[in-house]
Amino acid sequence: MRRRHFLAAALGGAGSLARPAAAARPRDRRSYAEIQGVNAATLDGLLGERGENWRPWQWIVVHHTAAEHASLEGIDRYHRVHFGDPLGAEYHFVINNGRRRALGLIEPARWRYQELAAHLFHPERAPESLALCLIGNFEERPVPASMMDALALLCRRLMGTLEIPIERVTTHRAVDGRLTQCPGRHFDLDDLRARIVGRVDE
Ligand SMILES: [Zn+2]
């Protein structure tokens, strides 16, 4: 969540991300075991080897939507319309929470364009940063273990291909300090780092 999200939230505008589409879509009921296979195939395809046109990415920054019913399409539309950004979502990847899409499903977003995202108040503190967004409000509830595992997998694959050290895997609030609580008070960076190096088995 970046500055304009913050302002929109203060004005009540962020509700448009939280509102489901007019007709409720059927929930994706694939299990996380099935989704793990889907995620592995997605990441093999995208991150198998370094692309010639890739940016020199240096940081990985974790966000949340602060809205439980967000979807990549909704975020894309919201950022296009409200921020006038033709590339849509200001996140490189999103991880779903089981409400609109399957729990733990990783979807590439701005990554495909190899463009920076406007996702920080102080981008100079984390230059060439990738924005990974958890769908959900983790100010209100803990991050499901499946989402943490999917996030750790994504981080591990990005770190490997891009040669990013674990010290440069961080959170929005760690970069921007008091300006934001994103990705929510329940998000535990130490737990993410432990999962990345394989110290958590669940
Ligand atoms: Zn954020």
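With 0.36 nm allotted per residue and the present C-alpha distance subtracted, the R80-R112 stretch has 9.9 nm of extension available. By the count of other C-beta atoms within 10 Å, a proxy for reagent exposure, Y32, Y113 are ordered fewest to most as Y113, Y32. Extension gain for the segment E139 to L87, taken as residue separation times 0.36 nm less the Cα-Cα distance, is 15.9 nm to one decimal.
Here r is the Cβ-Cβ distance between E73 and R199 and R0 is 41 Å; the resulting FRET efficiency, rounded to 0.05, is 0.70. Here the Debye sum runs over all C-alpha atoms of the range 48-145 as equal scatterers in vacuum, and log10 of I(q)/I(0) at q = 0.19, 0.23 Å⁻¹ comes out as -0.96, -1.27.
Each reported figure results from applying straightforward, stated rules to the coordinates on display, with no laboratory input. From a predicted model like this one, the values you see are computed outputs, not experimental measurements. All Cβ positions, glycine included, derive from the backbone under ideal geometry; neighbour counts span all protein chains shown.
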